[in-house]
Every structure is written in C-alpha cells, then in structure tokens.
1. Can you name the helices (runs of 4 or more DSSP H) wholly within the range 183-281 that have at least 3 residues being within 16 Å of the ligand (Cβ to nearest atom) and either of a type outside the set (Val, Ile, Thr) or without any contact (Cβ under 8 Å) to a residue 12 or more places away in the chain (or both)?
2. What is the residue count in the range 168-185 for residues that are under 18 Å from the mean Cα position of the chain (by Cα) and farther than 15 Å from ALA347 by Cα?
3. Exactly one condition in (1) part of a helix (DSSP H, G or I); (2) closer than 27 Å to ILE243 by Cα; (3) more than 9 Å from the ligand (Cβ to nearest atom) is false for ALA146; which is it?
4. Say whether the condition of being outside any loop (DSSP other than H, G, I, E, B), charged (D, E, K, R), over 21 Å from the mean Cα position of the chain (by Cα) and more than 16 Å from the ligand (Cβ to nearest atom) is met by at least one residue in the range 300-320.
5. Say whether the condition of being in contact with a helix residue (DSSP H, G or I) (Cβ under 7 Å, 6 or more places away or on another chain), farther than 30 Å from LYS58 by Cβ and of a type in the set (Lys, Arg) is met by at least one residue in the range 265-274.
6. Considering the range 161-179 alone, what residues qualify as being surrounded by fewer than 20 Cβ atoms within 10 Å (Cβ to Cβ) and either hydrophobic (A, V, I, L, M, F, W, C) or part of a helix (DSSP H, G or I) (or both)?
7. Could you check the range 89-125 and list, in sequence order, the residues that are under 24 Å from the mean Cα position of the chain (by Cα) and closer than 21 Å to ASN337 by Cβ?
8. So in the range 114-134, with the set limited to residues that are assigned to a helix (DSSP H, G or I) and surrounded by fewer than 21 Cβ atoms within 10 Å (Cβ to Cβ), which one is nearest to the ligand (Cβ to nearest atom)?
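Just so you know, all these numbers are worked out from the coordinates, no wet-lab data involved. It should be emphasised that the depicted structure is a prediction, and the values quoted were computed from it without experimental measurement. Glycine gets a Cβ as well: all are built from the backbone with ideal geometry, and neighbour counts include every protein chain shown.
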Amino acid sequence: MNRKSISRQYSRRKFIHDLSVNAGMAALAVNGLNLFSSCNDNTEKNKGSAMTKGNQNKLGIALVGLGNYAGGQLAPALEQTNDCYLAGIVTGTPSKIDTWKGKYNIPDKNIYNYQTFDSIRDNPDIDIVYVVLPNSMHAEYVIRAARAGKHVICEKPMAITPEDCDRMIAACKEAGKMLSIGYRLHFEPYNLEMARLGTTKAYGNIKKMNAGFGFPIGDPTQWRLNKKLAGGGPLEDVGIYCIQGFCYTTGLDPIAVTAQEGPKTDKEKFRDVEQSLTWELEFPGNIICHGKASYSEGLNYLQAEAEKGVFELTSAFNYSGQKGNTPAGPMDLPKVNQQAKQMDDFAQAVKNRRPTPVPGEMGKRDVKIIQAIYKAMETGKRVEIS
Ligand code: NDP
C-alpha cells in the first residue's frame, strides 16, 4: 500500500478505532513506559525528504513553529525515521521558508503560516501535525490540528492548565485522531532501564528518589522567561523531566507535594517566573522524590535509592550522552536518536491503531502535578494531588 492510499484509507475510516484506543487504553499507558519498544538504531536516511519515492509508505509530518527544537532536533531526526517523514512546515516567519525548503525539499503547497494553518485539512500529504510552539500556544494549535482532521504530537508541557489539556484531549477524541506528547525519553534505553529496574523491583522497593535538571538561561527576552507564554519557569521547561523520571521509575503517580522557591539572584531577569525551585513528591508506599529545576545551574541526574542499592543516571535527560550505574555495574546500552524513535513509534501507533505510550492523558497528569508544585511553593503548604 503506498503512502497516498494509506492517507486516503485513514481519512475515510475516520479512525473510530483510534478514538476508543485514545479514550480507553491511554490510562493504561499513563504509568508505564513502552518497555517493549526496540532499541535498535534507525539507519535509513530520508535525505531530501518530501515527495520522494522513499517516503511512499511513510506518514507525513508537519512541524508547527520552526524554532530551535524543530530545526535543531526534530527535522534532522526526521531524516532517520522509517515510518514518517517531514512533509510540511507551519511558520510565522517568511524568511525561514527558503532555508527549510532547500534543506528538506518541501513543496510550496505544504507550507503554511498561522493564518492559513486550518486549510491543512485539505492536504493529504500531512497525516500528523507536530506542535513545537511556546507552551501557552500548544492548546490552540492541537485543537485546530485535530479539527483539521490530523493526528497530533504536542511538545511538553502539554498545556498550562489541566482544563486546556481536557479540551485538547476532547478535540482529538471528537475528531477520532490520536494525540501524543513529545516525551522522547520514553524511547531512550537508559531511561527505559531505570523504568525496568524500578517497576520490576530489581533492587527491592524504592525508598527515595532524587532528580535535577537545569541550565543557565541566556537571552533575557526569550519566551521561556515570560509567564504568559511559558506558564512558569524551569519547572515547566525542565523540571517536568524530573517528574516524568519519578513516575516512570516508580511506575506510580504522586499523591502530595511540598515545594520551595530558590533565591532570585537576578530579580530583573526572573521578574515573571521562578529562577529555581525544589520540591518533594510523595508517592504511594512512602516513596519520597526530591526534585530540583533551575535556570541558573547545570543539573542532569535521576537517582533511585532502593532496598538493595542505588541505581541512577548521572547524565539523564539530554538528547544524547546518557550514563548510568547500578549495583551490578555501569549501564552499557545502545545509543539511539530519541526523537526519531519517538516519532516512528507514533507513526506506527497510528498505522497499527494501537495506543501511544505517551498519550495526552499522561501530559495532563504532569500538568496537574506542575500546578500542585506551584501551589505548594506559593502557599508553603503540603498540597494533595487528586
Ligand atoms: P523556540 O523559541 O526556539 O521556537 C519556538 C518557535 O515558535 C519560534 O521559532 C516561532 O517559529 C514560533 N512562535 C510562534 N509564536 C511565537 C511567539 N509568540 N514567541 C516565540 N516563538 C513563537 O522554542 P523551542 O523550539 O526551544 O521550544 C518550542 C517547544 O518545544 C516548547 O514547548 C518547548 O518546551 C519544547 N521543547 C521540547 C524539547 C524536548 O526535548 N522535548 C526541547 C526543546 C523544546 P516561527 O518563526 O516558525 O513561527
């Protein structure tokens, strides 16, 4: 079956099955990683992507928002995917178009701006819309993509509020389309190993976890420091990886949290959002997880203290370069292109009508946890998470 007939067939059937998968089975995936996903690296190259013969059995992806992540990671990863390819772009900056067209061989009919975006519904080349915009714009573009009849990948954090997440999930369900979150580490072998060791209790019950992710932020004018666009500071941007790490390593969802804002050494730069914060999440079974997110300090670790020893990633959350230790010695696992694995897995989920391991429901869970952490930080009180 060629690519065109796949998209025709898929739009005809309206993905009723995906609808029920999204509704019913996503909850099963919320706590668990895709522990069974293959760790083989993809070697096939899609150079000169759009409309070439090699893309015939692949689903077409349109990237929305051509910033650092789309340009630096996702587009190059789409040259290494087997089940999807870069078919289109959506940008508000006309000066970016020629570079992208030249680099990725994208035809004019697959290039949109934010005003023409909704007409993507008439484009059979585009099967999946990938929203890579500033956080507060995710909800609008996911909903518009679903209404245009496209499956959607949305970057993290899914949205600013759980209510927006509900609207996004509902829009995809109504359209019979699948929704996943750009949680690339669910396809990364070292993080998968943390999940396996934790959930199989390889070293007994976990008693405590520690995680930190941070970097010194540069440009003071960027949207990440603007609460309206970012929703908050480093917790929204990088702390979410620590939350994710706690959940997939324990296989559990947290029940309560306390949190403390760190000092602001640059009050002007951080007038809108926190510069850093620490928090303690309580999980069932008296597991306490200490997290730290920072825009002024380099942090990148995920550690679990279990009854029979410590297992950890000392380089946990980056695009590559993961390092890990267990009581049995250092981890030695394959290196993969995380984004290629993530997008291929979603394309396979769409093609095979099976649930994604990173559904909208998981994105919503994390948005609820983030809100609880901020409430605990602001009130100084322990906040329960329902
Ligand atoms: P950038 O600022 O580099 O890019 C965002 C792009 O969004 C811009 O280049 C622009 O593209 C478009 N845009 C539209 N409206 C605005 C606006 N008002 N202000 C700023 N940009 C706007 O951000 P990133 O690429 O770093 O992040 C984008 C999303 O991806 C975020 O949600 C972030 O959390 C997520 N992300 C995820 C990562 C991961 O590892 N999963 C890593 C990095 C980011 P254009 O000019 O084409 O319209």
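1. 227-230, 240-250
2. So the answer is 4.
3. So ALA146 meets the others, but not (2).
4. yes
5. The answer is yes; a qualifying residue exists.
6. Result: PRO162, GLU163, ASP166, ARG167, ALA170, LYS173, GLU174.
7. Of everything in the range 89-125, those that are under 24 Å from the mean Cα position of the chain (by Cα) and closer than 21 Å to ASN337 by Cβ turn out to be ILE89, TRP100, TYR104.
8. PHE117
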